[in-house]
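The values are calculated or read from the model by the stated rules, or taken from the named source; none is laboratory data. Keep in mind it's a predicted model, so treat the numbers as computed, not measured. Methodologically, a virtual Cβ is constructed for each residue, glycine included, from the backbone with ideal geometry; neighbour enumeration extends over all protein chains shown. These accessible areas exclude ligands, DNA and RNA; they are computed on the full protein's heavy atoms, side chains included. Shrake-Rupley method; radii C 1.70, N 1.55, O 1.52, S 1.80 Å.
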Amino acid sequence: MTKKLYHGAAYYPELWPEETIEEDIKYMLEAGINVVRIGEFAWSSMEKEEGKIDLSFFVNIINRLSEHGIETVMCTPTPTPPIWLTHNHPERMHVDQEGHVMVHGSRQHICTNNPVFREKAAIITREIAKAIGNLPDVIAWQLDNEFKCHVSECYCETCKSLWHQWLEERYGTIDVLNEAWGAHIWSQHYGRFDQVPQPKVAPFLHNSSLKTMYQLFSFEKIAEFADEQAAIIRKYSDAPITHNSTTFFHVDNERLYENLDFASFDTYAEKSNFASYLFNCDLWRNFKAGRDFWIMETSPSHAASLASHSAPHPNGYLMAEAVAAYALGGEAFCYWLWRQQRTGCEQPHGSVLSAWGKPTVGFENVKEVESARKEIESIILASRPLQAEVGITYSDRSRAYFKTEPHRDLDYRALISNFYEKVLSNGYHRDLLPEKASLQGYKLLFTPFLHYVSKPYMERAMKFVEEGGVWVVGPLTGGRTENHTIHTNAALGELEELAGIETLFTYPMDGTASIGEFLDTTAPLSLWSAVFDAKDAKTVGIINEGISAGHAFITEKSRGKGKIVMLGSLPEGEAGDILLSKLINHYAEDANVQLHTDVSKGTIVAPRDLNGDVVWVIVNMDGHGGTVTLPCIGIDSLTGGTVDKGILKLNPFEYKVIKLKSN
Ligand code: GAL
């Protein structure tokens, strides 16, 4: 349970002289920084020569920060292996798909599966855990930094043999693999596991099974590295362990967090993309159910490197971000970075303090975050985010299927965020749910863009339906098997019988001038679509024009106390947005979803449970101000005043915390 709201920054004291550290601490106190994250790139400062490990600098700095009330998240330094580990050892380096062998420098240049790397990583992590694990103000650990952010699957020789082992464990015999992958196609048929190639460069596309399985193999291996490192730390420290990730990296976040203690993410979304920021909060809250998440990195103003930059935040936005995060289940809001880098490749990046020791353009905004944090801390600590009634399944594994099969640049992250944005902007309190998450407590479940629906997922969703839930399936869901092949019993496999339909055709609707109609609204249809014959179900969405006119694209089938809705296509454009909103609102009503407000677009309501009372944290995110209707009288928790029932107005980036007085 959260005891404090953290406000932190990434800090690299090993790069600076003594006087600078003094100055840093002074400013940290002024800015209200109560936690720093250190050490993730400091391997060469900790172990300059192989075997000569000296952690005294880090022990001292942690103690010194602690004297000023600043706590520490300690990192393992494995994203940047030092030169003694890499020099003259091309066989240890990461190899990309084109066969390029990485050189020393930058980050993530080594193969995390290399046995020598693993051995040295285990040693440095053990020594850090021993020296630092029991310092009283080390409140958490971060493993490494952003696994697989700059690199994806590795194609080195070590990975090759691990790949063969992994395949053997998965398939048992080569015949099973050949059959599952349909390997006689283009004479790919294998005689032994060690003949299965890594999907490096080939004249044309690889077999879908080979491509997808190589990604899943890589997901598993990086998670195993995290498991191994966490186990070492746990021998010497009770502090909880996390990793800072995103939905852009080449990892399966659900698997990655399985054996970690809490979940954290990094985000550099600009204000215009605030929906993406909220997407992360709504997803990360659910990687470790019941455990608050951390925003481990975000810029106080802008992201930048030698090669790029983003737009600095307008004044006020940082505070809106922080309040939204705390309200949506965040325990910490931390910046990258504290003091601007003097060297390296990220000198231009936004920071709290400049390299010459002066407040940056973001400094006042950081101070504003601190006063907001203080203002809302007691009510946030006393309450919890309310269980959402609307869930949307998020799957990094599905992201891998899309990477294998992007068609015209289809991107899973973009598709699912657009879908999420519709639920958000229609005023629903929502959860993004990892594939294995419990469906208990939800009323309406959306499963879009899940190419492969696993048996356990299907069983959970069916139980949810039997018990009264409404399950909206699609678009682009269920059309692929576990091995990324096509079903041969029906286009969408087992789903069809459950949904009482038959899929007649699947094809891309883009460019076919297809028009769909649902509840008197029409819109063009797009995306790889499934056209239905509503055999044992009801047609609720019909295709009016195009090459499948007269058939269904939305069907409904009651099952137990609930319903399965099949959505075969994606309505597009402005008319498509209207149609999708209609669909969301219609089925939310059908499912009796209550956690819904009329909040204006660009403003959010984060409902929280305060010992049975409901508290709304309302935040304007878009800088245009907003409104929401209070269903009853409320108490403004920040001023103590009464707020009338009816329309409540918010100024640009303003937040309010209102306790509803329902009776
Ligand atoms: C993150 C990374 C940080 C820093 C930051 C810059 O991806 O973890 O170390 O590079 O980006 O935006």
(message) Looking at segment 331-348 only, could you name the residues that are buried (at least 21 other Cβ atoms within 10 Å of the Cβ) and within 16 Å of the ligand (Cβ to nearest atom)?
(response) A332, F333, C334, Y335, W336, L337, W338, R339
(message) For the condition surrounded by fewer than 20 Cβ atoms within 10 Å (Cβ to Cβ) and in contact with a Leu (Cβ under 6 Å, 6 or more places away or on another chain), what is the one hit in E377, E389?
(response) E377
(request) Mind counting the residues in segment 633-662 that are assigned to a loop (DSSP other than H, G, I, E, B), surrounded by fewer than 19 Cβ atoms within 10 Å (Cβ to Cβ) and touching a residue at least 12 places away in the same chain (Cβ under 8 Å)? (result) 9
(request) With the checklist (1) assigned to a helix (DSSP H, G or I); (2) within 16 Å of the ligand (Cβ to nearest atom) in hand, flag the one item W84 doesn't pass. (result) (2)
(message) Take the residues in segment 6-22 that are more than 16 Å from the ligand (Cβ to nearest atom) and surrounded by 15 or more Cβ atoms within 10 Å (Cβ to Cβ); name whichever of them is farthest from E346 (Cα to Cα).
(response) Y6
(request) Given the conditions (1) in contact with an Asp or Glu (Cβ under 9 Å, 6 or more places away or on another chain); (2) more than 30 Å from R460 (Cα to Cα); (3) open to solvent by 30 Å² or more (accessible area, probe 1.4 Å), report the number of the one that D533 does not fulfil. (result) (2)
(request) Sort through D282, D238 and tell me the only one that's at pLDDT 95 or above and either open to solvent by less than 10 Å² (accessible area, probe 1.4 Å) or under 27 Å from L439 (Cα atoms) (or both). (result) D282
(request) Select from segment 28-53 the residues that are closer than 18 Å to P240 by Cα and charged (D, E, K, R) and write down the one among them that is nearest to the ligand (Cβ to nearest atom). (result) E40
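For every residue, the table says whether it meets (1) at pLDDT below 95; (2) crowded, with 17+ Cβ neighbours inside 10 Å; (3) not in a loop (DSSP other than H, G, I, E, B).
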| site | (1), (2), (3) |
| --- | --- |
| G441 | no, no, no |
| V453 | no, yes, no |
| Y457 | no, yes, yes |
| M462 | no, yes, yes |
| V465 | no, yes, yes |
| P475 | no, yes, no |
| G478 | no, yes, no |
| E482 | no, no, no |
(message) Can you confirm whether F57 is aromatic (F, W, Y), farther than 28 Å from R285 by Cα, away from the ligand (no atom under 16 Å from the Cβ) and buried (at least 16 other Cβ atoms within 10 Å of the Cβ)?
(response) no
(request) Could you tell me whether A606 is assigned to a strand (DSSP E or B) and either among the acidic types (D, E) or at pLDDT 95 or above (or both)? (result) yes
(message) Name the single residue that is nearest to the ligand (Cβ to nearest atom) among those in segment 349-371 being surrounded by 16 or more Cβ atoms within 10 Å (Cβ to Cβ), hydrophobic (A, V, I, L, M, F, W, C) and not in a helix (DSSP H, G or I).
(response) V352
(request) Looking for whichever is open to solvent by 10 Å² or more (accessible area, probe 1.4 Å), basic (K, R) and in contact with a Leu (Cβ under 8 Å, 6 or more places away or on another chain) here; the options are K3, K26, K48. Which one fits? (result) K3
(message) Among (1) away from the ligand (no atom under 16 Å from the Cβ); (2) touching a helix residue (DSSP H, G or I) at 6+ places or on another chain (Cβ under 9 Å), there is one condition N134 misses while meeting the rest; what is its number?
(response) (2)
